[in-house]
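The values are calculated or read from the model by the stated rules, or taken from the named source; none is laboratory data. If you're wondering where the values come from, they're calculated on a predicted model, not measured in any experiment. Here the Cβ positions follow ideal geometry from the backbone for every residue, glycine too, while neighbour counts run over all protein chains shown.
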Amino acid sequence: MDVTKGLEVPGETLEAEVKAFFDSAPPLQNSDGITQLLDQFIKRNSSPSENGKARRIVCVTSGGTTAPLEQRCVRYVDNFSSGHRGATSTEYFLKAGYAVIFLNRKGSFQPFCRSLPDDPLLECFKPTDESNIQVCEAYSEAVKRAVVDHHTAVTGGLLLKLHFNTIFEYLQILQIIAVSLRCIGPRAMFYLAAAASDYYVPWKEMVEHKIQSGSHLLDVKLVNVPKMLSVLRNDWAPLAFCISFKLETDSNILLKKATAALEKYKMDAVVANELSSRKEQVVVVTSAENVVVKRDKSRSDNDVENPLIKLISEKHATYIEHPGR
Ligand code: PMT
């Protein structure tokens, strides 16, 4: 099997594909507001913190993007990702002293909510009388912890949450974040755990109204979404530390695919994970070594993201000292 399939991106073609993608995208709502929020966030986290150094800032992407089939969208192609990886990693990055820009799919898993049930608002609270509610005893500690930790991170200016639904919104916001973070050079990190659509219908070729049912065959042409990793690396934020992810269901090709992506897109590391074991172990692939990272079941904070973020954060610290590649 050719594991480099889908990785060939001749320079000129990629440039044209990227231009076509952004030219065809519907204008992003509130892009000025997003830029303003980012500028404030970066400025705030660029003055020295307690250790006398400016904080490191990581952009964590999380959840799956959609590719709409209609402009007034009723139907879309979705990507698998619950957002658990991104949300949990965000918590550990905050613990490690990072400021985090959490670019996440609306409605996906959120940081600090791991101990809460699926529908926390309805399950964690109960009415005491007609006009009052209180937290159910069983969840009182978990709710308090989640609310306090989230509030502390957001009001302390350490967590900025931005949302996307479509692949258009995701890549447009990612570009704004990358260009905004360029000014902090190697202090910035991209941790790209989102599952981005590989195919999309260009906006101008998309029907406006809901596709009518009735015909036996639905003929929709989907175009390859250009891989933005090399654009991020070469143009948007050339000095940032870049971690991408590789998900496969066939463990026999996982490491080869991750290594091919590392080389092709000049990532600093690629986190390789297999669908069924992704919460148990991952492999961090770098040009120097492959490190297997496993969940430590003996600890209370026993997520695989705990040792993973420790390792990535150490590699980032080394990179800041010697930013050459
Ligand atoms: O959210 P969970 O349920 O916890 O699951 C976590 C996860 C399995 C989704 C996560 O750990 C993971 O592996 N995310 C990447 C999924 C994937 O297969 O990515 P990909 O092969 O489509 O892309 C690889 C990298 O290229 C990604 O970092 C992506 O951000 C980037 N990409 C993808 C498409 C595209 N057009 N441009 C890109 O830059």
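The set of residues in region 141-161 being surrounded by fewer than 19 Cβ atoms within 10 Å (Cβ to Cβ), of a type in the set (A, V, I, L, M) and in contact with a helix residue (DSSP H, G or I) (Cβ under 6 Å, 6 or more places away or on another chain) consists of 143 alone.
Let's see how each residue does on (1) within 30 Å of residue 155 (Cα to Cα); (2) exposed (fewer than 14 other Cβ atoms within 10 Å of the Cβ); (3) modelled with pLDDT of 95 or more:
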position	(1), (2), (3)
8	no, yes, no
15	no, no, no
33	yes, yes, yes
47	yes, yes, no
52	yes, yes, no
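Residues that are buried (at least 17 other Cβ atoms within 10 Å of the Cβ) and assigned to a strand (DSSP E or B) within region 162-173 comprise 162, 164, 166, listed in sequence order. Taking each residue of region 141-163 that is without any contact (Cβ under 8 Å) to a residue 12 or more places away in the chain and looking for partners that are buried (at least 19 other Cβ atoms within 10 Å of the Cβ) and not acidic (Asp, Glu) with beta-carbon atoms closer than 7 Å, six or more apart or interchain, yields nothing. Taking region 86-138 as the region of interest, the strands (runs of 3 or more DSSP E) fully inside it that hold 3 or more residues being within 23 Å of the chain's Cα centre (by Cα) and within 16 Å of the ligand (Cβ to nearest atom) are 99-105. Among the conditions (1) touching a strand residue (DSSP E or B) at 6+ places or on another chain (Cβ under 8 Å); (2) among the β-branched types (Val, Ile, Thr); (3) within 26 Å of residue 35 (Cα to Cα), the only one that residue 176 does not satisfy is (1). Scanning region 174-209 for residues that are more than 14 Å from the ligand (Cβ to nearest atom) and under 28 Å from residue 324 (Cα atoms) yields 176, 179, 180, 181, 182, 183, 184, 185, 186, 187, 188.
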